[in-house]
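Q: Starting off with a structure, shown below.
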Amino acid sequence: MLGCSTADLEHVRAIVTRAGTSFAKGMKILPAERRFGMFTVYAFCREVDDIADGDVQVPDRALALKEWHARIDRLYEGETRDALDRAMVATITRFGLRKEDFAAVIDGMAMDASGPIVAPDEATLDLYCDRVASAVGRLSVRVFGDSSPEADRVAHHLGRALQLTNILRDIQEDADRGRLYLPRELLVRYNVPTDPQEAVYAVGLDPLARILAVRAKDHFREATRAMKRCDGVAMRPARIMAASYRPILTALLRRGWRHPDQPVKISKAARILRSLIAYYR
């Protein structure tokens, strides 16, 4: 990629590899330049997420994230200091990535870093989903090859669909970490305690979670509609991501939330088939 060396790209690849996720495999469908662009976006997200989650030991997490804001400002002025900086500037320049989307991701991580999120109101939950998921989507669709308003709509809806699915899947795990991302208004309506550990045993948790699941389904539907108005090739990764996550939501609805600690069962063959259909559609 113009503006960074092979060593810089290998540094970014190493960050992705250390994360131990299937992300690298999923990006193999992209041409090399776009693939490394996505590796760079992922590396940035990994770095700030590790600060927010405490996986990287820093004296002050809020200050470390604030320094990332300053770092992004420097990158948009063309100042680089290390391999990740150079890869980010090359990616920003090549794909026209917007500073405000990087800033939104950092602000989303700061919401987690400031203390466990517990029973946010609806507006705060939506803002959180926008920052930690849809903003990443807005960066990603540009790397995929579509910077149109419809591509931003894909990012808006698909990001929220994926994040709500994650929240619904991880209720028990989040509770164990003192977190409860379910909106306060619904907790009150269904008489679910705002204490994370008590919420997982509440009778009202199941109907509450099903309301959020319907919202996630609506976002998946709107994302699919927007994808049809975008560049078909550019949207392949987004279609595959949606096809991979929809079965999780379906399985969660089938299991319900009376016992949120029970793992959901998803057919691997069905997920592969859905991904193949999404690729060629």
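The values are calculated or read from the model by the stated rules, or taken from the named source; none is laboratory data. What you are looking at is a predicted structure, and each value in this text was computed from that prediction instead of being measured. Note: ideal-geometry Cβ built from the backbone for every residue, glycine included; neighbour counts use all protein chains shown. Each accessible area value is taken on the protein alone, full model and side chains, heavy atoms only, with ligands, DNA and RNA left out. Shrake-Rupley method; radii C 1.70, N 1.55, O 1.52, S 1.80 Å.
Conditions tested, residue by residue: (1) closer than 30 Å to residue 30 by Cβ; (2) not acidic (Asp, Glu).
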{"position": "123", "(1), (2)": "no, yes"}
{"position": "137", "(1), (2)": "yes, yes"}
{"position": "148", "(1), (2)": "yes, yes"}
{"position": "159", "(1), (2)": "yes, yes"}
{"position": "184", "(1), (2)": "no, yes"}
{"position": "195", "(1), (2)": "no, no"}
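Q: Six or more apart or on different chains, Cβ under 8 Å: which pairs go from a residue in the range 63-77 that's farther than 16 Å from residue 107 by Cβ to one that's of a type in the set (A, V, I, L, M)? Could you list them?
A: Sorted first by the residue in the range 63-77, then by its partner, the pairs are 75/88; 75/89; 75/92; 76/92.
Q: Same structure again: Hey, could you check the range 225-243 for residues that are open to solvent by 30 Å² or more (accessible area, probe 1.4 Å) and within 18 Å of the chain's Cα centre (by Cα) and say which is nearest to residue 258 (Cα to Cα)?
A: Filtering first and then ranking leaves 241.
Q: Give 194, 165 a once-over and let me know the one that is modelled with pLDDT of 95 or more and assigned to a loop (DSSP other than H, G, I, E, B). Give the steps one after another, and end with the answer.
A: On the way: 165 fails: assigned to a loop (DSSP other than H, G, I, E, B).
The unique qualifying residue is 194.
Q: Looking only at the range 99-116, which residues are modelled with pLDDT of 95 or more and either open to solvent by 20 Å² or more (accessible area, probe 1.4 Å) or closer than 15 Å to residue 89 by Cα (or both)? So that I can check it myself, show each step before the final result.
A: Our first condition is that a residue be modelled with pLDDT of 95 or more; within the range 99-116, this holds for 99-111.
Hits for the range 99-116 are 99, 100, 101, 102, 103, 107, 110, 111.
Q: Which is open to solvent by 70 Å² or more (accessible area, probe 1.4 Å) and modelled with pLDDT under 95, of 176, 261? Can you show your working first?
A: Details: 176 fails: modelled with pLDDT under 95.
Sole residue among the options that is open to solvent by 70 Å² or more (accessible area, probe 1.4 Å) and modelled with pLDDT under 95: 261.
Q: Ok, one more. Cβ contacts < 8 Å: first residue free of Cβ contacts under 8 Å to residues at least 40 places away in the same chain, restricted to the range 6-18; second residue open to solvent by 20 Å² or more (accessible area, probe 1.4 Å), any location; separation 6+ or different chain. Result?
A: Close Cβ pairs (under 8 Å, with a partner that is open to solvent by 20 Å² or more (accessible area, probe 1.4 Å)) amount to 13/24; 13/36; 16/23; 16/24; 16/42; 16/46; 17/24.
Q: Moving to a separate point now. Kindly indicate whether residue 246 is charged (D, E, K, R), in a helix (DSSP H, G or I) and open to solvent by less than 40 Å² (accessible area, probe 1.4 Å).
A: Working: charged (D, E, K, R): yes; in a helix (DSSP H, G or I): yes; open to solvent by less than 40 Å² (accessible area, probe 1.4 Å): no.
Taking the combined requirement at face value, the residue does not satisfy it.
Q: Hey, any hits in the range 142-164 for a residue that's among the β-branched types (Val, Ile, Thr) and open to solvent by 30 Å² or more (accessible area, probe 1.4 Å)? It would help to see each step written out before you state the result.
A: The first filter runs over the range 142-164 and keeps only residues among the β-branched types (Val, Ile, Thr), leaving 143, 154.
Adding the requirement that they be open to solvent by 30 Å² or more (accessible area, probe 1.4 Å) leaves none.
Looking for residues that are among the β-branched types (Val, Ile, Thr) and open to solvent by 30 Å² or more (accessible area, probe 1.4 Å), one finds none in the range 142-164, hence no.
Q: Right, residue 234: at pLDDT 95 or above, out of contact with any Leu (no Cβ under 7 Å at 6 or more places or on another chain) and of a type in the set (Gly, Ala, Ser) or not? Show your work before the answer.
A: Numbers: at pLDDT 95 or above: yes; out of contact with any Leu (no Cβ under 7 Å at 6 or more places or on another chain): yes; of a type in the set (Gly, Ala, Ser): yes.
It is true that residue 234 is at pLDDT 95 or above, out of contact with any Leu (no Cβ under 7 Å at 6 or more places or on another chain) and of a type in the set (Gly, Ala, Ser).
Q: Filter the range 108-127 down to residues that are in a helix (DSSP H, G or I) and either closer than 22 Å to residue 151 by Cα or among the hydrophobic types (A, V, I, L, M, F, W, C) (or both), then give me how many there are. Full working, then the answer.
A: Of the range 108-127, the ones in a helix (DSSP H, G or I) are 108-113, 122-127.
Those left that are additionally either closer than 22 Å to residue 151 by Cα or among the hydrophobic types (A, V, I, L, M, F, W, C) (or both): 108-111, 113, 123, 125-127.
Counting residues in the range 108-127 that are in a helix (DSSP H, G or I) and either closer than 22 Å to residue 151 by Cα or among the hydrophobic types (A, V, I, L, M, F, W, C) (or both) gives 9.
Q: Within the range 181-197, can one find any residue that is under 28 Å from residue 47 (Cβ atoms) and either within 18 Å of the chain's Cα centre (by Cα) or not hydrophobic (A, V, I, L, M, F, W, C) (or both)?
A: Within the range 181-197, the subset under 28 Å from residue 47 (Cβ atoms) is 181, 196.
With either within 18 Å of the chain's Cα centre (by Cα) or not hydrophobic (A, V, I, L, M, F, W, C) (or both) added as a condition, the list becomes 181, 196.
Among the residues of the range 181-197, at least one is under 28 Å from residue 47 (Cβ atoms) and either within 18 Å of the chain's Cα centre (by Cα) or not hydrophobic (A, V, I, L, M, F, W, C) (or both), which makes the answer yes.
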